[in-house]
Amino acid sequence: MTHYTAIITQHHKNQPIGIGLVNDPINGLIISSIDEEGALSKSCLKRGMKLRTINNIDVSCLSSKEAVKVLKEAEGKLVLSAEVVVPADITFVADKHYRRQDGVIMHGMMRNDIENATPTIFKEAGVPAELFSRIYKLIESDLLPPAASLRIHQKAFEREFEHYVWDQMVKGGMVGWGSESRHEKKFYEMTLKSSHLERNCDLKAMEIVLQVNAMLAKYNLMATVALEPISNGKQSNKARNKYERLNVVGLRFHKME
């Protein structure tokens with residue numbers, strides 16, 4: 001795990017050094033801000049990093065107030081060590097696609113390469129690299145494909161809905177019972193397919209969560225489904241907020257207390 005170290009000089013106690021700290025329930029003591037005019041402004045420490053030590057004193061489990069007290073009481077040489085925090089999730093972007101070297105178009109893309117995606121809480125809990133790799137590849141091979149299929153269909157459905165509203169209800173007028181048009185039948189079939197794809201994705205996500213939780217139980221970690229809201233096409237803001245949709249985008253991990 002790569003650590004970043006900053007060394008500054010405290011000329012007297014209570015001297016401000018321009019660093020903000022907050023407690024994150026998952027990752028511990030996090031640097032929330034670095035004053036651009038402070039002593040750490042040109043150091044390697046960055047906002048979002050986890051503060052590990054102050055003068056070799058482990059502060060990673062302290063509250064932000066306790067850590068600030070340690071800083072204020074320090075005098076002379078001040079050495080701060082921090083590390084980059086990798087979010088506690090393994091997620092993907094379902095509506096991205098790319099062409100492999102062999103020319104095959106792949107739908108969906110993992111957000112982080114496997115070499116840079118190990119969550120910090122995995123490392124702290126002692127999860128072996130081989131187990132992380134198994135979980136990552138399980139999400140990539142078993143959860144990403146149904147989520148990508150659903151998202152592709154959702155986009156096609158949104159386009160079809162726009163055509164349906166214009167051609168069937170605006171330009172052509174409402175079609176009466178028993179005289180359904182080809183457009184109406186297609187719209188019905190796409191609606192039915194949406195429900196099937198959504199169910200498939202939800203069931204697969206539940207299955208993978210159960211598998212991963214069995215793998216992580218001995219490390220006091222648990223997984224839940226990672227969800228993200230998506231826009232509802234060209235609906236009004238009121239309708240979009242009322243019928244917000246959530247899509248599966250991977251797994252999120254938590255410490256078990």
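Tabulated data
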read-out	value
Among residues of segment 52-70, those that are among the aliphatic types (A, V, I, L, M), open to solvent by 30 Å² or more (accessible area, probe 1.4 Å) and assigned to a helix (DSSP H, G or I), counted	2
Selection from segment 212-226 of residues that are surrounded by fewer than 15 Cβ atoms within 10 Å (Cβ to Cβ) and either β-branched (V, I, T) or within 20 Å of the chain's Cα centre (by Cα) (or both)	T224
Criterion: touching a residue at least 60 places away in the same chain (Cβ under 8 Å) and under 30 Å from S41 (Cβ atoms) - qualifying residue of V93, V86, V79	V79
Whichever residue in segment 71-93 is assigned to a loop (DSSP other than H, G, I, E, B) and farther than 30 Å from L138 by Cβ and, among such residues, is farthest from the chain's Cα centre (by Cα)	E75
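Per-residue answers, yes or no, for (1) closer than 30 Å to V248 by Cβ; (2) open to solvent by 60 Å² or more (accessible area, probe 1.4 Å); (3) charged (D, E, K, R):
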| position | (1), (2), (3) |
| --- | --- |
| M49 | yes, no, no |
| A74 | no, no, no |
| V85 | yes, no, no |
| A88 | yes, no, no |
| G103 | yes, no, no |
| D113 | yes, yes, yes |
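The values are calculated or read from the model by the stated rules, or taken from the named source; none is laboratory data. No experiment lies behind these values; they were computed from the predicted model shown. Positions of Cβ are backbone-derived with ideal geometry, glycine not excepted, and every protein chain shown enters the neighbour counts. For accessibility, only protein heavy atoms count, side chains too; no ligands or nucleic acids. Shrake-Rupley method; radii C 1.70, N 1.55, O 1.52, S 1.80 Å.
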